Amino acid sequence: MEAAMYPPATSELARKRRELAPEPLKAFKAFSAAVFADGALPNVTKQLIAVAVAHVTQCPYCIKGHTAEALKQGATEQQIMEAIWVAAEMRAGGAYAHSALALDVMQHTHGGG
């Protein structure tokens with residue numbers, strides 16, 4: 001049987017992280033709680049943003065965790081999918097926008113093609 005690319009998130013892994021670096025973990029958890037607290041944006045909106053960002057950063061644990069939390073906070077499946085499409089457009093848009101760098105090199109190296 002083929003091993004999974006990403007190990008499942010387990011209590012053993014959580015324990016090991018805590019043992020190896022308890023203070024940074026404590027600080028990270030406090031930061032996360034502050035970030036996702038209701039504020040100018042409600043938590044459900046923040047979770048939808050997190051779902052989109054998780055797809056751009058391609059973190060499978062974040063995708064699963066924030067999708068579950070978005071649903072728990074009341075997001076619909078349609079809202080989650082739209083957030084994912086926003087992420088896809090932004091990722092593609094970034095590649096398109098950064099083509100200016102390659103075009104600049106081509107122009108200065110070969111006189112504009």
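The values are calculated or read from the model by the stated rules, or taken from the named source; none is laboratory data. Values in this document were obtained by computation on a predicted structure and should not be read as measured data. Cβ atoms come from the backbone with ideal geometry, glycine included; neighbour counts cover every protein chain shown.
So, of the residues in the stretch 37-58 that are outside any helix (DSSP H, G or I) and out of contact with any helix residue (DSSP H, G or I) (no Cβ under 9 Å at 6 or more places or on another chain), which turns out to be surrounded by the most Cβ atoms within 10 Å (Cβ to Cβ)? Top of the filtered list is PRO42. Beta carbons closer than 7 Å, at least 6 apart along the sequence or on distinct chains, never pair a first residue in the stretch 86-112 that is in contact (Cβ under 8 Å) with a residue 12 or more places away in the chain and under 30 Å from LEU48 (Cα atoms) with a second that is polar (S, T, N, Q) and surrounded by 10 or more Cβ atoms within 10 Å (Cβ to Cβ). Using the structure shown, decide if ALA30 is loosely packed, with under 10 Cβ neighbours inside 10 Å, of a type outside the set (S, T, N, Q) and assigned to a helix (DSSP H, G or I). No, not satisfied.
May I ask you to verify whether ALA75 is in contact (Cβ under 8 Å) with a residue 12 or more places away in the chain, more than 25 Å from GLY94 (Cα to Cα), among the hydrophobic types (A, V, I, L, M, F, W, C) and not in a helix (DSSP H, G or I)? Answer is yes for this residue. Return a yes/no flag: does the stretch 65-75 have any residue that is under 20 Å from the mean Cα position of the chain (by Cα), over 25 Å from PRO7 (Cα atoms), of a type in the set (Val, Ile, Thr) and buried (at least 16 other Cβ atoms within 10 Å of the Cβ). No, because not a single residue in the stretch 65-75 is under 20 Å from the mean Cα position of the chain (by Cα), over 25 Å from PRO7 (Cα atoms), of a type in the set (Val, Ile, Thr) and buried (at least 16 other Cβ atoms within 10 Å of the Cβ). Contact annotation: no residue pair with Cβ atoms under 7 Å, 6 or more positions apart or on different chains, pairs a residue in the stretch 1-22 that is part of a helix (DSSP H, G or I) and loosely packed, with under 10 Cβ neighbours inside 10 Å with a partner that is of a type outside the set (D, E, K, R) and modelled with pLDDT of 95 or more. The set of residues in the stretch 25-46 being under 20 Å from the mean Cα position of the chain (by Cα) and more than 18 Å from ALA70 (Cβ to Cβ) consists of LEU25, ALA27, PHE28, LYS29, ALA30, PHE31, ALA34.
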